[in-house]
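Encoded as structure tokens, the structure appears first; notes follow it.
The values are calculated or read from the model by the stated rules, or taken from the named source; none is laboratory data. On a predicted model such as this, the values are computed, not experimentally measured, just so you know. Virtual Cβ from ideal backbone geometry, glycine too; neighbours counted across all protein chains shown. Remember, those area values only see protein heavy atoms, side chains included, never the ligands or the DNA or RNA. Shrake-Rupley method; radii C 1.70, N 1.55, O 1.52, S 1.80 Å.
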Amino acid sequence: MSYLLRLVVPDRPGILGAVATALGEAGIDIVSVDVLERGNGVAVDDIVVELPPERVADSLITAATAVEGVQVESLRPFAGPLDTHRELDLLEALAPAGEGTVKMLAAELPRVFRSGWAVVLTGSGDDVQLLAASDAAPSLDGVAMPWLPLTGPLLLPSEADWVPARWQELAVEMMAAPLDGAAAVLLGRSGGPAFRRSELLRLTHLTGLAATVARMPPV
């Protein structure tokens, strides 16, 4: 079974090698590594691993924290595609999408950010219209979005007042970014980990590129 392990590690040479060695000695295969943030002497890494059937998930935490200074921020099952070129694939897909850009974004952004779902919205407050949604997106009926219209990227933690009680129970972490005018893209994942500022900046960059591509004349 695959898991997504988010680690906070000392930002020093050889630390990822030490983590990889510790996981390997525990019989755990590393499938991919993403460095999300670096600063203040630490780095935040997302590591997708494959756990043998006979091993329990807690063995991942034990193996990783055996390396001095390593902290496990979150651990969750991972069922997404195990690729390392997610953003490039999305940009290539956007080029011929044309009017289907919003649908393409909603469908593909969960894969890019290893999140649970994505929606594209427009409107404000209680008058919100759904333009596109990924397969796993929750119903937005009766959900007010007081942060719309969106003028800049925004992290939306699960404990915010506007978040429905059911979403709070599931600890749905969210982030949003503007998309060409009045529209906005909202991403969510249940049970964390919380989206980080580096992920929000990546989302903002991608939505900006998507808006530009959508305005380009067909070839």
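Within the range 23-75, which residues are open to solvent by 30 Å² or more (accessible area, probe 1.4 Å) and among the acidic types (Asp, Glu)?
Glu25, Asp29, Asp34, Glu37, Glu50, Glu54, Asp58, Glu68, Glu73 - these are the residues of the range 23-75 that are open to solvent by 30 Å² or more (accessible area, probe 1.4 Å) and among the acidic types (Asp, Glu).
Which ones in the range 92-118 are of a type in the set (S, T, N, Q) and at pLDDT 85 or above?
Of everything in the range 92-118, just one residue is of a type in the set (S, T, N, Q) and at pLDDT 85 or above, namely Ser115.
When Glu159 is evaluated against the numbered criteria (1) in a loop (DSSP other than H, G, I, E, B); (2) crowded, with 20+ Cβ neighbours inside 10 Å, which criterion, by number, is the only one it fails?
For Glu159, the exception is condition (2).
Can you find a residue in the range 67-74 that is closer than 21 Å to Val172 by Cα and modelled with pLDDT under 90?
Among the residues of the range 67-74, at least one is closer than 21 Å to Val172 by Cα and modelled with pLDDT under 90, which makes the answer yes.
Of all residues being open to solvent by 80 Å² or more (accessible area, probe 1.4 Å) and modelled with pLDDT of 90 or more in the range 119-130, which is nearest to Leu186 (Cα to Cα)? Just the residue, please.
Leu130
Which of (1) in contact (Cβ under 8 Å) with a residue 24 or more places away in the chain; (2) more than 21 Å from Val102 (Cα to Cα); (3) in contact with a Lys or Arg (Cβ under 8 Å, 6 or more places away or on another chain); (4) buried (at least 17 other Cβ atoms within 10 Å of the Cβ) does Arg189 not meet, given it meets every other one?
(2)
If I ask for residues that are under 21 Å from Gly191 (Cα atoms) and in a loop (DSSP other than H, G, I, E, B), which ones from the range 35-64 would you list?
Hits for the range 35-64 are Leu51, Val56, Ala57.
Checking Gly181 against (1) out of contact with any strand residue (DSSP E or B) (no Cβ under 9 Å at 6 or more places or on another chain); (2) on the phi > 0 side of the Ramachandran plot; (3) not aliphatic (A, V, I, L, M), which single condition isn't satisfied?
That leaves (1) as the condition not met.
Filtering the range 1-15 down to residues that are open to solvent by 20 Å² or more (accessible area, probe 1.4 Å) and within 14 Å of Val56 (Cα to Cα), which residue is farthest from the chain's Cα centre (by Cα)?
So the residue we want is Met1.
Okay, residues lined up against (1) of a type in the set (Gly, Ala, Ser); (2) outside any loop (DSSP other than H, G, I, E, B); (3) outside the structural domain of Val33 (by the TED database):
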site	(1), (2), (3)
Val128	no, yes, yes
Leu140	no, no, yes
Leu155	no, yes, yes
Ala184	yes, yes, yes
Ser198	yes, yes, yes
Leu203	no, yes, yes
